[in-house]
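The values are calculated or read from the model by the stated rules, or taken from the named source; none is laboratory data. In this text, all values refer to a predicted model and were calculated from it rather than measured experimentally. No Cβ is skipped: glycine too gets one built from the backbone with ideal geometry, and neighbour counts run over all protein chains shown.
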C-alpha cells in the first residue's frame, strides 16, 4: 500500500484546477443570413475589394456554418489568453453566382469572474480575416484580408460545454 501511494500522481482539487488551467475548445457556429452591399464608388477601381463584380447593389446572403479551434491558458482564476482559428463553410449570395467564405485567425482574451459548474464569461477576439471565393465569385481577381474583431458573452457549464454569442 505504501509503495502504490508513493508513486501515485496527486490529483488537483477542483479549486486548484480552476486557478490556472489550459483552454482547449472545438466549437460549431451558425451565422445568421444577412446582406452584402457592393458599391464601386468606394475606393478606386484597383483597390476596391469588389472591383471585379460587374453588378452593384445589395445581395442577400444565405446562412453560414463554421468550425473553430481555440487554445490558451488561464493566467489567473478569472482571466485567460489564447489563439484561435475558424473555418467558415462557403456561403452564397441570392441572385448571384458563386460562393465565398472567411477564415478568421485571432488572439482572444477571456474574462470569467465566476468559474465553477456554471459561470458566465466575456470574450474578445482580435486578428485577421482572410476572404476566399470560388472562381465564379471572384473571377480573375484575388481576394484579400481585413482586420477581424468580435466581442461576445456566454455561459460555461462544467467548463467543458460553452454557449456564447459573438
request  = Taking the options 105, 111, name whichever one is more than 30 Å from residue 134 (Cα to Cα), surrounded by 13 or more Cβ atoms within 10 Å (Cβ to Cβ) and at pLDDT 70 or above.
outcome  = 111
inquiry  = Which numbered condition in (1) at pLDDT 75 or above; (2) in contact with a helix residue (DSSP H, G or I) (Cβ under 9 Å, 6 or more places away or on another chain) is the only one that residue 34 fails?
reply    = (2)
query = Got at least one residue in the stretch 115-122 being over 22 Å from residue 161 (Cα atoms), surrounded by fewer than 17 Cβ atoms within 10 Å (Cβ to Cβ) and at pLDDT 90 or above?
reply = no
task = State whether one or more residues within the stretch 125-143 are closer than 16 Å to residue 27 by Cα and either in a strand (DSSP E or B) or within 14 Å of the chain's Cα centre (by Cα) (or both).
result = yes
key: Test: residue in the stretch 57-75 that is at pLDDT 85 or above and touching a helix residue (DSSP H, G or I) at 6+ places or on another chain (Cβ under 9 Å)   = yes
